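The structure under discussion appears below in the form of structure tokens.
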Amino acid sequence: MNLTTPMSGIVLMILSTLIFSVQDAITKMLVQELPVAQIVFVRFAAFAIFACLFAAFNGGVGKAVRSQVPLRQLLRCLLMCSEIVLFAFALRVLGLAEVHALFACFPLVVAALSVPMLGEKVGHRRWFAVIIGFVGTLIILRPGLAVFDPNALIPLLCAVIFALYNLLTRQVSRHDSFATSLLYFGVIGAIASGVVAISLWEPLSPDTIRLLAMLCATSICGHMMLIKALQLTEAVVLQPFHYLVLIWALSIGYVFFQETVDWPTLLGAAIVAFS
């Protein structure tokens, strides 16, 4: 496959949604044993090491650290760090499927903001696909029922933050290299989360270490694919495909966490996939 085509960006986006779903399942297991800040720090520290090695073999770390838009790079990284922390808290108090059902509204935010922030065009067919996907999400949520407890505000806030991160990633990719975006993401995230993690650190068991290693691997792969996808393809084109994360989350939640999936949820998921 030619890795410079818009279709390649779509394929990478689909793969990243699957990897992020696996990552969220691992996080859900870890948050029962470790402080959220510790989990986030380990994840970012591993990513920072990888990003430094990647930069070293692609023009050097010194070149990668020189961003043309450093403030926007800083902002996108802090946004993502806060989103990861909030998402981990959400996974502690809600089911995997519930969290992603609420989180799935973020493509609407991306579509709405991609015009003023990126100058991209949102055609009628794209709006239709995104809205149909959101209708499927509403069927899953069934407004007014138990899923709308105060904790539901956490993944909704995550959706807004993640939408802004996607838009800023697309924006900075016009000015900085892939290596620069990776390096800023890892280093800034590790510093920001490390400040809190130091005071909350808990000893690690062998099983926890294995889960953290898997978390770091999925984090690196998922974010590399997401960043590359946003470099290759317009954000508004990619966002409907993010709804596939809901399908993965429903499946993983059912198989590994015995989360029940009723027929309205299955119907909504089918509509989301159709969109």
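The values are calculated or read from the model by the stated rules, or taken from the named source; none is laboratory data. These figures come from a predicted structure and were not determined experimentally. Reconstructed Cβ throughout: ideal geometry from the backbone, glycine too, with neighbour counts over all protein chains shown. Accessible surface areas use protein heavy atoms only, side chains included; no ligands, DNA or RNA. Shrake-Rupley method; radii C 1.70, N 1.55, O 1.52, S 1.80 Å.
Points to keep in mind about this one:
- Residue, nearest to Gly133 (Cα to Cα), within the stretch 221-248, restricted to residues that are modelled with pLDDT of 85 or more and aliphatic (A, V, I, L, M): Ala229
- Close pairs from the stretch 31-45: first farther than 13 Å from Met214 by Cα, partner in a helix (DSSP H, G or I) and charged (D, E, K, R), Cβ under 7 Å, at least 6 apart: Val31/Arg92
- If the condition is being open to solvent by less than 40 Å² (accessible area, probe 1.4 Å), in contact with a helix residue (DSSP H, G or I) (Cβ under 8 Å, 6 or more places away or on another chain) and not in a helix (DSSP H, G or I), then the stretch 46-67 contributes only Ser67.
- Tally, over the stretch 240-256, of residues that are small (Gly, Ala, Ser) and open to solvent by 10 Å² or more (accessible area, probe 1.4 Å): 1
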